[in-house]
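What follows is a set of notes on a single structure, which appears directly below.
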């Protein structure tokens, strides 16, 4: 029987009886957690939640990094018909308290001493919270329950008793409230039912071709719908899930775990590509020449690579000499990766596919559970986000906006009927806010965000994202924000890729901090050449007339990025307004 709820998904996962259902780092070594151990933890915690008074429809908040505790809390909550409310672990206490308060969560699970202390400091702002459970925070105040101790409270549960609870959840029941990170305004709670998510799981598994003997590395935040949905797919098929220690340790964890599959945002792939290119350039001589030759062979082999056909003798030689070494950095067992959360630059996709490293780009939003479309084996077109997944319809409105309809569309924004009516029309079409087009083969391409279109002083509509993506193809530029609304021309705020710049600067005998490097004439000269190259491919009104290098990256912590790494344009514009005015003054003056 196909699954209908996420409680039934857990029962499916529990039936695989794997020695390594989950893996995580303990004392410097990866430790396996068997299906039996994992399922036992879920059953105990479900009993503990019931004993604490949590019932069907009640909200349970979880503020934690990826790790075995995450699916334990998630599935235990879902198994008894309650609703999980994930909170991004990067949020400041006030922002996290808003999510807990708005959702009416009754229990808060929070990981780490610093987060625990922060949340206790805003306890008064979360009136519905009855209990705080600390994950890995050591000793805490008397009113805080330790995670292990809380789980142990449910130690008397039997499998038969637990199985009776999982029947409580129904497909139409609310499963989770996921608060959109939002580039503007207050976060809104996206209401997703069991059937919303299950429809996406079944369609995703149908398209992606996951296999039960795979191992996956999980490192994007489970607080966001992208990684969480893909992890549900892993559980459904029986894939072993290994949790990275952090995003910073992914390169090392890839070698330790040797995954077959993982998902990431484009910035991760861009950094990998930049490191490979820098290493090859630094090698110089014959090695650099062979590398450049291999890249050319890879580009020529792209049509065959995309069809998974034999790429010929030259490609085989390039594989042996160059590309096999890149794949070795991914652990040596790599089969495919998935990209989402932001547009994947065409040159990045071509680099990896040319190297025999398939990356399937997809598209969706939290409000769509989240997948709308994805490229898959046998149906790949670079520069697009694939075809709509089974069961989902896509059409383009008269103004170019992408509309979607299907079983994956959210029930609405929690407590916000007016906001819901603004995005879901009377016919059930969800208005994504993205601009795009569908080609003759059914492949969807995203061109920009509807609300982010720049209208210059002459009334021209300009999509900033393609220009920004083109700028970021420069090895020297990590981040780019194009400015120009109501202005006569465009300017750009550029952030150097300091991981690339610092080794280059050292080789040139240039010393100093980020600010010194960003202002150095030789780096400015290199960036200027790349900006000019981008401008040469643009219409005159799309060209960047003025730009500057900023001395620090846009980050989540400093408020310029959302947790899924989207730029908060209004925040950036406000923070760097003086710099922007200086740029316009230089040219106009």
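Each reported figure results from applying straightforward, stated rules to the coordinates on display, with no laboratory input. Values in this document were obtained by computation on a predicted structure and should not be read as measured data. Note that each Cβ is placed from the backbone with ideal geometry, even for glycine, and that neighbours are counted across all protein chains shown.
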Next item on the list: Kindly express, to the nearest 10 degrees and within the range 0 to 90, the angle between helix 498-507's C-alpha long axis and the longest C-alpha principal axis of the chain.
Entry: 40 degrees
Next item on the list: Return one number: the angle in degrees, 0 to 90 and rounded to the nearest 10, between the long axis of the Cα atoms of helix 285-300 and the longest principal axis of the Cα atoms of the chain.
Entry: 70 degrees
Item checked: For the range 357-445, projected area of the alpha-carbon convex hull averaged over all directions, nm² -> 6.3 nm²
Note to self: Suppose we keep just the DSSP beta bridges with both residues in the range 453-588; what percent of those would be antiparallel, to 5?
What the structure shows: 65 percent
Item checked: FRET E, pair residue 499, residue 17, Förster distance 35 Å, beta-carbon r, rounded to 0.05 -> 0.20
Margin query: Starting from a Cα-only point model with no solvent, please compute log10 I(q)/I(0) by Debye for the range 6-169 at q = 0.09, 0.12, 0.15, 0.19 1/Å.
Written below: -0.28, -0.51, -0.80, -1.23
Checklist line | Within the range 26-119, percent of DSSP bridges classed antiparallel, to nearest 5 | finding: 10 percent
Check: At a Förster distance of 51 Å, what's the computed FRET efficiency of residue 186 paired with residue 325, Cβ-Cβ distance as r, to 0.05?
Finding: 0.60
Next item on the list: Taking the Cα atoms of the range 453-588, report the difference between the largest and smallest coordinate on each principal axis, in whole Å and largest first.
Entry: 47, 33, 26
Checklist line | Surface/4 of the Cα convex hull for the range 1-94, nm² | finding: 7.6 nm²
Next item on the list: Please find the FRET efficiency linking residue 425 to residue 275, where r is the Cβ-Cβ separation and R0 is fixed at 56 Å, and quote it to the nearest 0.05.
Entry: 0.80
Next item on the list: Against the globular-protein guess of 2.2 N^0.38 Å, express the Cα radius of gyration of the range 90-210 as a ratio, rounded to two decimals.
Entry: 1.29
Next item on the list: Could I get the Rg over Rh figure for the chain? Both from C-alpha atoms, Rh via Kirkwood, rounded to two places.
Entry: 0.97
Checklist line | Pairwise label distance in nanometres, residue 581 with residue 395, each label 7 Å out on the Cα-Cβ vector | finding: 4.8 nm
Notebook entry, point to check: Using helices alone, what [θ] at 222 nm do you get for the chain, with -39,500 (n - 2.57) per DSSP H run of 4 or more residues, divided over all residues and rounded to the nearest 500?
Noted result: -11500 deg cm²/dmol
Next item on the list: Measure out, as a whole number of angstrom, how far apart the alpha-carbon centroids of the range 453-487 and the range 374-394 sit.
Entry: 27 Å
Check: Going by alpha carbons, how many degrees (0 to 90, nearest 10) lie between the helix axis of 69-79 and the longest principal axis of the chain?
Finding: 50 degrees
Next item on the list: Just order 345-357, 566-578, 278-290 by mean Cβ neighbour count inside 10 Å, highest at the front, would you?
Entry: 345-357, 566-578, 278-290
Checklist line | Euclidean distance of C-alpha centroids, the range 498-541 and the range 279-328, integer Å | finding: 28 Å
Note to self: Can you tell me, using C-alpha contacts under 8 Å and at least 6 residues apart, the relative contact order of the chain as a whole percent?
What the structure shows: 10 percent
Check: If the label point is 7 Å along Cα→Cβ of residue 211, which residues in the range 342-376 have backbone nitrogen under 19 Å from it?
Finding: 356-360, 376
Check: Among 465-475, 125-135, 27-37, 431-441, what's the highest-first ranking by average C-beta atoms within 10 angstrom per residue?
Finding: 465-475, 125-135, 431-441, 27-37
Next item on the list: Could you calculate the contour length gain from residue 538 to residue 160, that is, 0.36 nm times the residue separation minus the distance between their Cα atoms, to one decimal place in nm?
Entry: 129.5 nm
Item checked: Simple spin-label estimate for residue 317 and residue 552 in nanometres, 7 Å along Cα-Cβ -> 5.1 nm
Notebook entry, point to check: Given the C-alpha centroids of the range 126-187 and the range 7-40, what is the distance between them in whole angstrom?
Noted result: 19 Å
Next item on the list: Could you sort 297-308, 77-88 so that the peptide with the highest average Cβ count within 10 Å comes first and the rest follow in order?
Entry: 77-88, 297-308
Check: Evaluated at 25 °C with a viscosity of 0.890 mPa s, what Stokes-Einstein diffusion coefficient in µm²/s does the range 333-397 have when Rh comes from the Kirkwood expression over alpha-carbon pairs?
Finding: 198 µm²/s
Next item on the list: Using only the Cα atoms, work out Rg/Rh for the range 214-351, with Rh taken as the Kirkwood radius, to two decimals.
Entry: 0.98
Check: So what is the relative contact order for the range 453-588, in percent, with contacts set as C-alpha pairs under 8 Å and at least six apart?
Finding: 22 percent
Notebook entry, point to check: Roughly what % of DSSP beta bridges within the chain run antiparallel, to the nearest 5?
Noted result: 50 percent
